[in-house]
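The structure appears right after this line, and notes come after that.
The values are calculated or read from the model by the stated rules, or taken from the named source; none is laboratory data. Predicted, not measured: the structure shown is a model, and the values here were computed from it. Reconstructed Cβ throughout: ideal geometry from the backbone, glycine too, with neighbour counts over all protein chains shown. Quick note on the areas: whole protein, heavy atoms, side chains included, nothing else; ligands and nucleic acids left out. Shrake-Rupley method; radii C 1.70, N 1.55, O 1.52, S 1.80 Å.
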Amino acid sequence: MRAADADILIVPGWSDSGPEHWQTRWQAKLSTARRVTQRDFKKPIRAEWEETIAQEVLASARPAVIVAHSLGVIAALHAAQRVGDKIAGAFLVAPPSEAVIRELPSVDSAFLPIPRAKLPFPAALVGSSDDPYADLLFARQLAQDIGARFIDAGAAGHINVDSGHGPWPEGSLAFANFMAKL
């Protein structure tokens, strides 16, 4: 599938993705991409985030492909339990671990437990060996549990602007490869 044949749903994590973040750049470059905008990116409430993602999936005119980062990955996994049959694929990047989510007072504890059921659509999960929000073992295990292809990004931090991933050309190439197989 070509990106132009899908509704690409950009699902940011906590604090949204700023103007230099790879998600914002991809949104600007992909003609069918749109951001899933949450009411409050600083104090995420699982039920709200899940509902917003589900509504965006249901509103898609073309097959919906989710591109999620960080806490957006966890919210997308929750939404997939409700609307997974309407999702064509998901590209999931740098999900935080349960231990980290428990330590973030501004994040609704209802994000836990992280859904680990096999997804009813193709998915790829990208993890980093030095992500401060999740170790590589967690990311690999989550990918295995949900039936996603695991992509090891190496020492890439949280795969955001702070870790030097504004444009993230390797991610763009991995996403294009993922889309080609849908």
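Comparing S17, S97, S163 in a Gaussian network model of the chain, where Cα atoms under 10 Å apart are tied by springs, the biggest mean-square fluctuation is seen for S163. Separation of segment 8-24 and segment 88-115, taken as the distance between their Cα centroids, equals 16 angstrom.
Expressed in Å, the radius of gyration and Dmax of the Cα atoms of the chain are 14.5, 40.
Using a simple spin-label model with pseudo-atoms 7 Å out from Cα toward Cβ, L173 and A99 lie 3.2 nm apart.
Measuring gaps between exposed loop sites in the chain (trypsin sites (Lys or Arg not before Pro); DSSP loop; at most 15 other Cβ atoms within 10 Å), the longest gap, sites not included, is 43-115.
Over the chain, what is the mean sequence separation of C-alpha contacts under 8 Å (at least six apart), divided by residue count, expressed as relative contact order in percent? It would help to have the intermediate numbers written out before the result.
Working: 360 pairs, mean separation 40.4, N = 182.
The normalised contact order for the chain reaches 22 percent.
Dipole orientation for the chain: of the candidates A124, P12, A61, A61 has the Cα lying most toward the positive pole (charges on Cβ; Lys, Arg +1; Asp, Glu -1). Positive-end ranking of F41, W22, L173 along the dipole of the chain, with charges on Cβ about the Cα centre, is headed by L173.
Extension gain, R62-R116: 0.36 nm per intervening residue step, less the Cα-Cα distance, totals 16.8 nm. Using the Cβ of D145 as centre and a radius below 14 Å, the other residues enclosed give a net charge of +3, where K and R count +1 and D and E count -1. The solvent-accessible area of L30, taken with every protein chain present and a 1.4 Å probe, is close to 40 Å². Within the straight-line cut-off of under 22 Å between alpha carbons, the lysines reachable from K181 are K29, K86, K118, sequence neighbours fewer than 8 places apart in one chain being disregarded.
Summed over qualifying helices (DSSP H, 4 residues or more, each -39500 (n - 2.57)) and divided by its residue number, the chain shows a 222 nm mean residue ellipticity of -10500 deg cm²/dmol. The residues of the chain expose on average 44 square angstrom of accessible surface per residue, using a 1.4 Å probe on protein heavy atoms.
Where nothing but the Cβ of Lys and Arg (+1) and of Asp and Glu (-1) is charged, how large is the charge dipole of the chain around its Cα centre, in debye to the nearest 20? Don't jump to the answer; show the numbers that get you there.
Details: 18 positive and 20 negative charges, 109 e Å.
That gives the chain a dipole magnitude of about 520 debye.
Treating only the Cβ of Lys, Arg, Asp and Glu as charged (+1, +1, -1, -1), what charge dipole size does segment 19-116 show about its Cα centre? Round to the nearest 20 debye.
Working: 13 positive and 10 negative charges, 59 e Å.
So the magnitude is around 280 debye.
For the chain, the fraction of 1.4 Å probe accessible surface lying on carbon and sulfur atoms is 54 percent.
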